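See below for the structure under consideration.
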Amino acid sequence: MKNFKKIMFGVCAVMIMLVTPLFLVGCGGSSSDDDDNPWGLVNAGQLILATSADFPPFQSINDAGEYVGIDIDIAAAIADALGLELVVQNMDFAGVLLSLHTGQSDIVLSGMTITEARRAGADFTIPYFNSGQVLITHVNNNRLDGMNADQIRAAMAGQRIGAVAGQTGYDHAIALTGASNVQVFTDNITMMTAIQNGIIDYSIQGAVASHGLVANNPNLQVVNVALTDEQYGAAVRQGNTELLWQVNRVLSTMMLNGELADIFANHGISL
Ligand code: ARG
């Protein structure tokens, strides 16, 4: 996680230089926005989070039916800092960014990788986590044991790889094995069952979430070699610069005062 620290300190320095003055200008200047709802929220007083709760430890549903995880806690901290009530909207990952446009949500935190393609339709915050993608496979499958990343990539030709619609893993899977060998799922839970039942050989997913997904499934294992390098960010509706500034301000404060690291630590991840 050294890289993460380097990124975070760099990011913090840049954010303090860039965001703080913008925020101050935003606060001090006269605004034409509605005074009751200056951040363009769907419902004034609420922060509606769109997430896909099949991605532990970032977001999942616990036995009591509650939404729990790192992203839920980060969103709660952001809502708290902005004096808003957090409302969680759970949906398929393929719909989370769309929900910003259709007025169903204000913010997305869903272990979402910041990509150029996604930037075309939403505004991303500063990154808050670095995550390479790894393979998950059946415990009986030991053909990748001892291989490095290049050897694993070469060994993926012709293998059946699962991916969730709209996720970066889908593009990675196609690059690894070709579109005809990629099977698309709507969620991670169904995809795990498919590996267990021998319908697919592998899935590709963020390293931390992969460990979260196999934790309760003794039939699955993580192939612990990162094949990609990705950064997670929160997203807001494109052009909602007021909310973006506020969220970046809160996130950078949480990075500097240790609150973000505490949230990760509470879920077993040391930054
Ligand atoms: N990081 C990947 C992406 O952005 C996967 C995210 C999956 N998140 C989830 N909540 N299921 O495409």
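The values are calculated or read from the model by the stated rules, or taken from the named source; none is laboratory data. Fair warning: this is a prediction, and the values are worked out from it, not measured in the lab. A quick note on method: Cβ atoms are made from the backbone with ideal geometry, for glycine too, and the neighbour counts reach across all protein chains shown. With ligands, DNA and RNA removed, areas are computed over all heavy atoms of the protein, side chains included. Shrake-Rupley method; radii C 1.70, N 1.55, O 1.52, S 1.80 Å.
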_Search result, residues across segment 135-153 that are closer than 25 Å to residue 56 by Cβ and either within 14 Å of the ligand (Cβ to nearest atom) or not in a loop (DSSP other than H, G, I, E, B) (or both)_ = 135, 136, 137, 138, 149, 152
*Please state which of the following conditions residue 156 fails to meet, knowing it meets all the rest: (1) more than 16 Å from the ligand (Cβ to nearest atom); (2) open to solvent by 30 Å² or more (accessible area, probe 1.4 Å).*
(2)
*Have a look at 268, 239 and point out the one that is open to solvent by 20 Å² or more (accessible area, probe 1.4 Å), under 21 Å from residue 84 (Cα atoms) and either out of contact with any strand residue (DSSP E or B) (no Cβ under 9 Å at 6 or more places or on another chain) or not in a helix (DSSP H, G or I) (or both).*
239
*Output yes when any residue across segment 249-258 is small (Gly, Ala, Ser) and farther than 29 Å from residue 120 by Cα, and no when none is.*
yes
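Every residue in segment 197-250 that is under 28 Å from residue 41 (Cβ atoms) and of a type in the set (Ser, Thr, Tyr), please. So that I can check it myself, show each step before the final result.
Step one: filter segment 197-250 for residues under 28 Å from residue 41 (Cβ atoms), giving 231-250.
Listed by number, the residues that qualify are 232, 241.
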*asked:* Just checking, does segment 184-192 include any residue being in contact with a Phe, Trp or Tyr (Cβ under 7 Å, 6 or more places away or on another chain), closer than 25 Å to residue 98 by Cα and acidic (Asp, Glu)?
replied: no
*Of the numbered conditions (1) in contact (Cβ under 8 Å) with a residue 40 or more places away in the chain; (2) within 16 Å of the ligand (Cβ to nearest atom); (3) not acidic (Asp, Glu), residue 61 fails exactly one; give the number of that condition.*
(1)
*Tell me, which residue of segment 187-208 that is touching a residue at least 24 places away in the same chain (Cβ under 8 Å) and β-branched (Val, Ile, Thr) is farthest from the ligand (Cβ to nearest atom)?*
199
*Consider residue 252 carefully, then state whether it is at pLDDT 95 or above, over 27 Å from residue 187 (Cβ atoms) and either in contact with a helix residue (DSSP H, G or I) (Cβ under 6 Å, 6 or more places away or on another chain) or not in a helix (DSSP H, G or I) (or both).*
yes
_Residue selected from segment 40-66 under the condition among the hydrophobic types (A, V, I, L, M, F, W, C) and open to solvent by 50 Å² or more (accessible area, probe 1.4 Å), by the criterion nearest to the chain's Cα centre (by Cα)_ = 61
*Got a sec? Which of 132, 69 is within 15 Å of the ligand (Cβ to nearest atom) and either touching a helix residue (DSSP H, G or I) at 6+ places or on another chain (Cβ under 7 Å) or hydrophobic (A, V, I, L, M, F, W, C) (or both)?*
132
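From the list 69, 132, which one is open to solvent by less than 20 Å² (accessible area, probe 1.4 Å), modelled with pLDDT under 95 and more than 19 Å from residue 240 (Cβ to Cβ)? So that I can check it myself, show each step before the final result.
Details: 69 fails: modelled with pLDDT under 95.
Within the list 69, 132, the selection yields 132.
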*asked:* Would you confirm whether or not segment 75-91 contains a residue that is within 13 Å of the ligand (Cβ to nearest atom), crowded, with 24+ Cβ neighbours inside 10 Å and within 15 Å of residue 234 (Cα to Cα)?
replied: yes
_Matching entry among 181, 224 (being over 29 Å from residue 268 (Cβ atoms) and open to solvent by 20 Å² or more (accessible area, probe 1.4 Å))_ = 181
*When only residues in segment 93-120 that are within 14 Å of residue 244 (Cα to Cα) and surrounded by fewer than 24 Cβ atoms within 10 Å (Cβ to Cβ) count, which is nearest to the ligand (Cβ to nearest atom)?*
119
